[in-house]
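Asks: Would you mind keeping the following structure in view while I ask a few things?
The values are calculated or read from the model by the stated rules, or taken from the named source; none is laboratory data. Source: prediction; values computed, not measured. Because the Cβ atoms are built from the backbone with ideal geometry, glycine has one as well, and the counts that use them run over all protein chains shown.
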Number of protein chains: 4
Amino acid sequence: MMSKLELITFGRAAVDLNATEYNRPMEETMTFTKYVGGSPANIAIGTSKLGLKVGMIAKVSDDQHGNFVINYLKKSGVDSQYIKKDTQGRKTGLTFTEIKSPEECSIVMYRENAADLYLSVDDFDDDYIKNAESLLISGTSLSQSPSREAAFHAIDVAKKSGVEVIFELDYRPYTWKSKEEISIYMTAVARMADIVIGTRDEFDIMEMNINFDDEASAKELLEYTPRLIVIKHGVKGSRAFTKDGEVIEGTIYKTKVLKTFGAGDSFASGFIYALKKNKSIKEALQYGSASASIVVSKHSSSEAMPTIQDIENLINSHEG
Amino acid sequence: MMSKLELITFGRAAVDLNATEYNRPMEETMTFTKYVGGSPANIAIGTSKLGLKVGMIAKVSDDQHGNFVINYLKKSGVDSQYIKKDTQGRKTGLTFTEIKSPEECSIVMYRENAADLYLSVDDFDDDYIKNAESLLISGTSLSQSPSREAAFHAIDVAKKSGVEVIFELDYRPYTWKSKEEISIYMTAVARMADIVIGTRDEFDIMEMNINFDDEASAKELLEYTPRLIVIKHGVKGSRAFTKDGEVIEGTIYKTKVLKTFGAGDSFASGFIYALKKNKSIKEALQYGSASASIVVSKHSSSEAMPTIQDIENLINSHEG
Amino acid sequence: MMSKLELITFGRAAVDLNATEYNRPMEETMTFTKYVGGSPANIAIGTSKLGLKVGMIAKVSDDQHGNFVINYLKKSGVDSQYIKKDTQGRKTGLTFTEIKSPEECSIVMYRENAADLYLSVDDFDDDYIKNAESLLISGTSLSQSPSREAAFHAIDVAKKSGVEVIFELDYRPYTWKSKEEISIYMTAVARMADIVIGTRDEFDIMEMNINFDDEASAKELLEYTPRLIVIKHGVKGSRAFTKDGEVIEGTIYKTKVLKTFGAGDSFASGFIYALKKNKSIKEALQYGSASASIVVSKHSSSEAMPTIQDIENLINSHEG
Amino acid sequence: MMSKLELITFGRAAVDLNATEYNRPMEETMTFTKYVGGSPANIAIGTSKLGLKVGMIAKVSDDQHGNFVINYLKKSGVDSQYIKKDTQGRKTGLTFTEIKSPEECSIVMYRENAADLYLSVDDFDDDYIKNAESLLISGTSLSQSPSREAAFHAIDVAKKSGVEVIFELDYRPYTWKSKEEISIYMTAVARMADIVIGTRDEFDIMEMNINFDDEASAKELLEYTPRLIVIKHGVKGSRAFTKDGEVIEGTIYKTKVLKTFGAGDSFASGFIYALKKNKSIKEALQYGSASASIVVSKHSSSEAMPTIQDIENLINSHEG
């Protein structure tokens, strides 16, 4: 029998098509390189590469792109028995990325009726979740039915079985119908989760821009279920807030930035790995930052995920 | 003032992403090369390259892919004043192509809510059509509203002004809702057109597979408006039928086939060019076949469109 | 074996709920009386009552309202073997009518996703149409797919078998998406029909308000298939135009008007009946006007349809 | 200034069309009598008639049916400043009722794209809720967006301001997409409410038929926010469960049942009124049952709502 999964990620598994040529507008780039993408897929790959036992619950197209995603996840050691293929001809989401300069990256997303939004409660067994340690929910999975209901169901199963729930806000301005809708469902999940991770911008969107600072955002949520809130500020670092009032500042690792894509997913991978290995929150923020720092200097989000050696080398090189 | 356009093509302008590596399943190919695609866009490029004055009526995304399409058409000499950008965030259609072997090519299409299907009667001026010699309608533009109504309106304007209507069946198994729907709208347009061009398979689909042979298909339509019907049989050549009962067999130009994509569009380009230059139908079929023969030996559908020199060299090398 | 049907009507069969109290705004009326409604259903009832052998092709809800419609049509002598019940829970359309005064009648229509719009080519056999003398198409059936394609298919079957096609414009401002859509499909059908009947307002809508007078409207269509165009002007009478240039003015029968609903359907019933009985066009216009005159003085559209005796009594009482 | 509202009901305001003739199948009934309907509208009318200060947040059609609903609610003393009219032409929901016998009542509902499902967060001010004592949410308002998000937002405002939340399960098998969807949203709201009221069948549906008995259903919810759970068993009475473990059995008032429609809404009206007047839970169940008993013996759900005198007379006549 398979040993217990330490993490299941839930939601979007997609294809990234990164402009092969840098520093040019996308209308002039002529070739694209294909990678697996989507925040929870990247986190599954990242944490698996660091050594965690990881599975993913997702839905992809029943075509060459879907096969590519599944094959890559398998090759990365991710358990993919609950990565289902859509039977209605829906396509895997696409993200074309353009790297004009480190400060100016933009994307073109194909998310219309994407297969991942049709992940439903029938696509997985409750037992798969019950037998895991942690469940990571991605905000994008809440943006449309039936994926939204599948996420709520997965969270309910996790909570009833004592499985830790991690919520990565992962806001993408697609498929949501209104700012109220975003706020209502992201807030509902954030209040039920044990750990909430997001950028300052994502917290603002969830809070409908009521101009909370980090302290206020954390205080609001810590009154509910969460025990740990992580708010990220890009190159300016990150901060963690705990239920007992502790505030922990993250470390910053300067690097030559090629693009900013994938920073969040690699941060989450390093951070979650460190928590699983019983590192302190301070150390976990270090692992997250170091991991992010490595990915932003490389071309892809998934393929570039660092090894534990890469991360620890970087951390060590900044000490003493 | 701009001189009179000899041809306006109407409908789909899209992006092709061709697997850069040949003879491998697409799940294993890692890079894609970008080209303009879509049958009426390819025909606009092909005929413009041959020297006709050509315009296109189309709708693309308001993003980098849309810009690329418009820029490429302009560079190819196609008048693009009525290539509009969608204001609702809809995307340019995509076609990923996989070339496993000359006999085994397959595609993955992203057509969900594509911008071209939202081309509407408000996107162009009737005078633009009235001032042209010929209007080419692509079957795909009939597959959904409001593009369907825009096509019917364009045809009505053309017919009332004595503008020749050419119908390229261009059947793609996407966005159509039922086989009856396909048949009803394609038949309605075929009966109103002056020239109808399609593969045997496309005629079968239009006729709901009642097992007509070429003669029966042609006879049925020639009772209505059409004066010329062209039925293509791939490498086995093509046949033209006229209102006064003539049947003209096309010439076959053998080549080393890389892929079959784009054969139809290059055939139409060569064929229409020759008719415009007052060649005989027999000669026009030769120009079409030679043009197709050149494109199937190359990697793209649009970029690979031959010059008049290329076509005539090939024709001449087979004679005498 | 059933003897040959003289008429098949195609399209909307619905329920009318007429305010029982007259001369009051509907928000104050407290009871409604139920009748069968929908233009082609009313014409089927009207012509059957006059003695024609009539059938109807339609789709209704699988509930008490659908049963009521079918039972009433059967009781009225209409062959209802191709009045199908929707299997997806869609409802029969409703029309609430308010009679504030003879000049001020208004309606509230429930047409959202109505069962009749889902009539499809699979719901009837081509042979049913082939064996009839005439097929009456209602404009409302063109307003949405798949009912639109079913209508086009029915017309195609009729034309190939020499069955006369009568087109009742029956414009209702519901479910159509744009004025171009209305014009395109109504014009396409009008050009294929043998007889076209509509009000001046309906012709204006079909022509996109280009300010044709009756002569111009008729001339435009008579260049295509139609041999007879009837344009109605309400209480000011009606006019018929034939292919050989004849213009026939209708007779006017003054009456005490209770409401204007149902006038068009009763006109069509009387007019079609008279043509079938080889009356002259002049006489047919008399039968139509007399029939309309009787219905507008009564509470319902369907139940109030006159007998041949009623019509001929009225005509005779105006003569000599 | 208006004094504080004791109750705001939130959700469906509709029109009931009750067959005027009893004991006949609806396909044979010929007239219908019009009443205001919809659970939260009925409860607003019922509690207002009993003397509470009540408002309603709802959306109706901008037509004669919408006017009727608003006028009737105003006449019943319900504050209707936040009963908005839909600006997109959507219709007020309809319910046709058929009373074949007291045991055999059935309905035909028109809920497709009904105006009430388009109630949105923009349609009301948060202050309106903040200034009330209690907010009653109807389960039907959760069945579709944007009404669902509006309900979640209203609940969030209420909870942050200390306004009591009452959840009437009000399950109607329309517009919901799957049984999981029903369960997820109804459970989420039930856990946030202070008081939950529903029939045994409705609890079963919310729990996805896991065969809980009343005790288990109550225990599950009382672990969250609710302090009072009421489970109704039709003519067999009702039971209330409190957070401190008390179980209170309701009284049964036998009556000559005409139809069962409206029993739940009149129960809620009497029950909520009594709680507001500081009656015991035992007494509140009596008021609820007496109120229901009166309504089921009459023709309508809204018009038939009893006065406090009616209720207390019935209660007193059963005592001593």
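Asks: So, in the stretch B:153-186, how many residues would count as being out of contact with any Leu (no Cβ under 8 Å at 6 or more places or on another chain) and under 20 Å from residue C:207 (Cβ atoms)?
Replies: 6
Asks: Kindly establish whether residue A:77 is among the small types (Gly, Ala, Ser) and buried (at least 20 other Cβ atoms within 10 Å of the Cβ).
Replies: On the way: among the small types (Gly, Ala, Ser): yes; buried (at least 20 other Cβ atoms within 10 Å of the Cβ): no.
The answer is no for residue A:77.
Asks: Go through (1) within 30 Å of residue A:34 (Cβ to Cβ); (2) basic (Lys, Arg); (3) out of contact with any Asp or Glu (no Cβ under 6 Å at 6 or more places or on another chain) one by one and return the number of the condition residue B:12 breaks.
Replies: Tallying (1) within 30 Å of residue A:34 (Cβ to Cβ); (2) basic (Lys, Arg); (3) out of contact with any Asp or Glu (no Cβ under 6 Å at 6 or more places or on another chain), residue B:12 fails exactly one: (3).
Asks: Is one or more of the residues making up the stretch B:152-163 farther than 24 Å from residue C:223 by Cβ and over 17 Å from the mean Cα position of the chain (by Cα)?
Replies: So the first thing to find is which residues in the stretch B:152-163 are farther than 24 Å from residue C:223 by Cβ, and the list is none.
No: zero hits.
Asks: Taking the stretch A:211-226 on its own, how many of its residues are in a loop (DSSP other than H, G, I, E, B) and hydrophobic (A, V, I, L, M, F, W, C)?
Replies: Taking the stretch A:211-226 as the starting set, the residues that turn out to be in a loop (DSSP other than H, G, I, E, B) are A:211-213, A:223-226.
Filter once more, so that each one left must be hydrophobic (A, V, I, L, M, F, W, C): A:212.
Residues flagged as in a loop (DSSP other than H, G, I, E, B) and hydrophobic (A, V, I, L, M, F, W, C) within the stretch A:211-226 amount to 1.
Asks: Give me a count of the residues in the stretch A:115-127 that are under 21 Å from the mean Cα position of the chain (by Cα) and at the interface with another protein chain (Cβ under 9 Å from one of its Cβ atoms). Break it down stepwise before answering.
Replies: In the first step, residues of the stretch A:115-127 are kept if they are under 21 Å from the mean Cα position of the chain (by Cα); the result is A:115-121, A:123-124.
With the extra rule that they be at the interface with another protein chain (Cβ under 9 Å from one of its Cβ atoms), the set shrinks to A:120-121.
Going through the stretch A:115-127 one residue at a time, the tally reaches 2.
Asks: Okay, next question. Among what's in the stretch B:70-114 and is β-branched (Val, Ile, Thr) and in a loop (DSSP other than H, G, I, E, B), pick the residue that is nearest to the other protein chains (Cβ to nearest Cβ). Steps first, please.
Replies: Residues of the stretch B:70-114 that are β-branched (Val, Ile, Thr), as a first pass: B:70, B:78, B:83, B:87, B:92, B:95, B:97, B:99, B:107-108.
Those still in the list that are in a loop (DSSP other than H, G, I, E, B) too: B:78, B:87, B:92.
On the way: B:78: 16, B:87: 16, B:92: 9 Å.
Within the stretch B:70-114, the match that is nearest to the other protein chains (Cβ to nearest Cβ) is B:92.
Asks: If only one of B:119, B:142, B:136, B:169 is crowded, with 24+ Cβ neighbours inside 10 Å and touching a Phe, Trp or Tyr at 6+ places or on another chain (Cβ under 6 Å), which one is it? Before the answer, list the steps.
Replies: Working: B:119 fails: touching a Phe, Trp or Tyr at 6+ places or on another chain (Cβ under 6 Å); B:136 fails: touching a Phe, Trp or Tyr at 6+ places or on another chain (Cβ under 6 Å); B:169 fails: touching a Phe, Trp or Tyr at 6+ places or on another chain (Cβ under 6 Å).
Result: B:142 is the single residue among B:119, B:142, B:136, B:169 that is crowded, with 24+ Cβ neighbours inside 10 Å and touching a Phe, Trp or Tyr at 6+ places or on another chain (Cβ under 6 Å).
Asks: Do we find that residue B:96 is under 22 Å from residue B:221 (Cβ atoms), crowded, with 18+ Cβ neighbours inside 10 Å and of a type in the set (Phe, Trp, Tyr) in this structure? Explain how you work it out, then say what you get.
Replies: Numbers: under 22 Å from residue B:221 (Cβ atoms): no; crowded, with 18+ Cβ neighbours inside 10 Å: yes; of a type in the set (Phe, Trp, Tyr): yes.
Considered against the rule, which asks whether it is under 22 Å from residue B:221 (Cβ atoms), crowded, with 18+ Cβ neighbours inside 10 Å and of a type in the set (Phe, Trp, Tyr), residue B:96 comes out as no.
Asks: Of all residues in the stretch C:99-116 being among the acidic types (Asp, Glu) and crowded, with 18+ Cβ neighbours inside 10 Å, which is farthest from residue C:25 (Cα to Cα)? Even if it seems obvious, please write down each step before you answer.
Replies: Restricting attention to the stretch C:99-116, the residues satisfying the condition of being among the acidic types (Asp, Glu) are C:103-104, C:112, C:116.
Narrowing the set further to residues that are crowded, with 18+ Cβ neighbours inside 10 Å leaves C:112, C:116.
Numbers: C:112: 24, C:116: 29 Å.
Result: C:116.
Asks: In addition: Among the residues of the stretch D:172-190, write down those that are of a type in the set (Phe, Trp, Tyr) and part of a helix (DSSP H, G or I). Explain how you work it out, then say what you get.
Replies: We begin by selecting, within the stretch D:172-190, every residue of a type in the set (Phe, Trp, Tyr); these are D:174, D:176, D:185.
Residue satisfying the conditions is D:185 alone.
Asks: Right, next: Tell me the strands (runs of 3 or more DSSP E) entirely within the stretch C:227-320 that contain at least 2 residues that are under 26 Å from residue C:38 (Cβ atoms). Talk me through it step by step, then tell me what you get.
Replies: Working: elements: C:228-232, C:238-242, C:247-249.
Per the criteria, C:228-232, C:238-242.
Asks: Using beta carbons and a limit of 9 Å, which pairs, at least six apart or on different chains, have the first residue in the stretch C:198-210 and polar (S, T, N, Q) and the second one surrounded by fewer than 17 Cβ atoms within 10 Å (Cβ to Cβ)?
Replies: Every condition considered, the pairs that remain are C:199/C:233; C:199/C:234; C:209/C:179.
Asks: Filter the stretch D:284-320 down to the residues that are touching an Asp or Glu at 6+ places or on another chain (Cβ under 9 Å), under 27 Å from residue D:68 (Cα atoms) and surrounded by fewer than 24 Cβ atoms within 10 Å (Cβ to Cβ) and list them by number.
Replies: Our first condition is that a residue be touching an Asp or Glu at 6+ places or on another chain (Cβ under 9 Å); within the stretch D:284-320, this holds for D:285, D:287, D:290-292, D:294-295, D:300-302, D:305, D:315.
Filter again for under 27 Å from residue D:68 (Cα atoms), leaving D:291-292, D:294-295, D:300-302, D:305.
D:294, D:300 - these are the residues of the stretch D:284-320 that are touching an Asp or Glu at 6+ places or on another chain (Cβ under 9 Å), under 27 Å from residue D:68 (Cα atoms) and surrounded by fewer than 24 Cβ atoms within 10 Å (Cβ to Cβ).
Asks: Additional query: Criterion first (over 18 Å from the mean Cα position of the chain (by Cα) and more than 14 Å from chain C (Cβ to nearest Cβ)) does residue B:194 satisfy it? Full working, then the answer.
Replies: Numbers: over 18 Å from the mean Cα position of the chain (by Cα): no; more than 14 Å from chain C (Cβ to nearest Cβ): yes.
For residue B:194, the condition - over 18 Å from the mean Cα position of the chain (by Cα) and more than 14 Å from chain C (Cβ to nearest Cβ) - is not met.
Asks: Somewhere in the stretch B:40-61, is a residue under 27 Å from residue A:108 (Cβ atoms), among the charged types (D, E, K, R) and within 14 Å of chain A (Cβ to nearest Cβ)?
Replies: no
Asks: Here's something else I'd like to know. Considering only residues that are touching a helix residue (DSSP H, G or I) at 6+ places or on another chain (Cβ under 7 Å), of a type outside the set (Ser, Thr, Tyr) and not in a helix (DSSP H, G or I), which ones fall in the stretch D:58-69?
Replies: Within the stretch D:58-69, D:58, D:59, D:60 qualify.
Asks: Starting from residues that are surrounded by 16 or more Cβ atoms within 10 Å (Cβ to Cβ), among the β-branched types (Val, Ile, Thr) and at pLDDT 95 or above, keep the ones in the stretch D:226-261 and report whichever is nearest to residue D:316 (Cα to Cα).
Replies: Among those that are surrounded by 16 or more Cβ atoms within 10 Å (Cβ to Cβ), among the β-branched types (Val, Ile, Thr) and at pLDDT 95 or above, it is D:248.
Asks: Working carefully through the options D:160, D:130, find the one that is within 11 Å of chain A (Cβ to nearest Cβ) and either farther than 23 Å from residue D:176 by Cα or in contact with a Cys (Cβ under 6 Å, 6 or more places away or on another chain) (or both). Can you show your working first?
Replies: Numbers: D:130 fails: within 11 Å of chain A (Cβ to nearest Cβ).
On inspection, the qualifying residue turns out to be D:160.
Asks: Select from the stretch C:302-314 the residues that are more than 17 Å from residue C:235 (Cβ to Cβ) and either touching a residue at least 40 places away in the same chain (Cβ under 8 Å) or of a type in the set (Ser, Thr, Tyr) (or both) and list them in ascending order. Walk me through it before giving the result.
Replies: Taking the stretch C:302-314 first, the residues more than 17 Å from residue C:235 (Cβ to Cβ) are C:302-313.
Correct list: C:302, C:303, C:304, C:305, C:306, C:307, C:308, C:311.
Asks: Exactly one condition in (1) surrounded by fewer than 22 Cβ atoms within 10 Å (Cβ to Cβ); (2) of a type in the set (S, T, N, Q); (3) modelled with pLDDT under 95 is false for residue A:87; which is it?
Replies: The one condition residue A:87 does not meet is (3).
Asks: Oh, and also: Do any strands (runs of 3 or more DSSP E) entirely within the stretch B:3-55 hold 1 or more residues that are surrounded by fewer than 21 Cβ atoms within 10 Å (Cβ to Cβ), and if so, which?
Replies: Numbers: elements: B:7-10, B:14-19, B:31-37.
In the stretch B:3-55, B:31-37 are the strands (runs of 3 or more DSSP E) which contain 1 or more residues that are surrounded by fewer than 21 Cβ atoms within 10 Å (Cβ to Cβ).
Asks: Now for a separate question. Any chance you could count how many residues in the stretch C:262-283 are under 27 Å from residue C:103 (Cα atoms) and buried (at least 24 other Cβ atoms within 10 Å of the Cβ)?
Replies: Looking only at the stretch C:262-283, we keep the residues that are under 27 Å from residue C:103 (Cα atoms), and these are C:262-271.
Retained after the next criterion (residues that are buried (at least 24 other Cβ atoms within 10 Å of the Cβ)): C:262, C:264-271.
Total meeting the criteria: 9.
Asks: Report the residue count in the stretch B:163-191 for those that are at the interface with chain C (Cβ under 10 Å from one of its Cβ atoms) and touching a Gly at 6+ places or on another chain (Cβ under 6 Å).
Replies: Going through the stretch B:163-191 one residue at a time, the tally reaches 0.
Every residue, every condition in (1) in contact with a strand residue (DSSP E or B) (Cβ under 9 Å, 6 or more places away or on another chain); (2) among the aliphatic types (A, V, I, L, M); (3) at positive phi, yes or no:
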| residue | (1), (2), (3) |
| --- | --- |
| B:170 | yes, no, yes |
| B:175 | no, no, yes |
| B:186 | yes, yes, no |
| B:193 | yes, yes, no |
| B:196 | yes, yes, no |
| B:210 | no, yes, no |
| B:216 | no, yes, no |
| B:227 | yes, no, no |
| B:238 | yes, no, no |
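Asks: Out of all the residues in the stretch C:20-39, which are within 11 Å of another protein chain (Cβ to nearest Cβ) and among the aliphatic types (A, V, I, L, M)?
Replies: C:26, C:30 - these are the residues of the stretch C:20-39 that are within 11 Å of another protein chain (Cβ to nearest Cβ) and among the aliphatic types (A, V, I, L, M).
Asks: Pairs, please: C-beta under 8 Å, at least 6 apart or cross-chain, first residue at positive phi and in the stretch D:57-68, second among the acidic types (Asp, Glu)?
Replies: none
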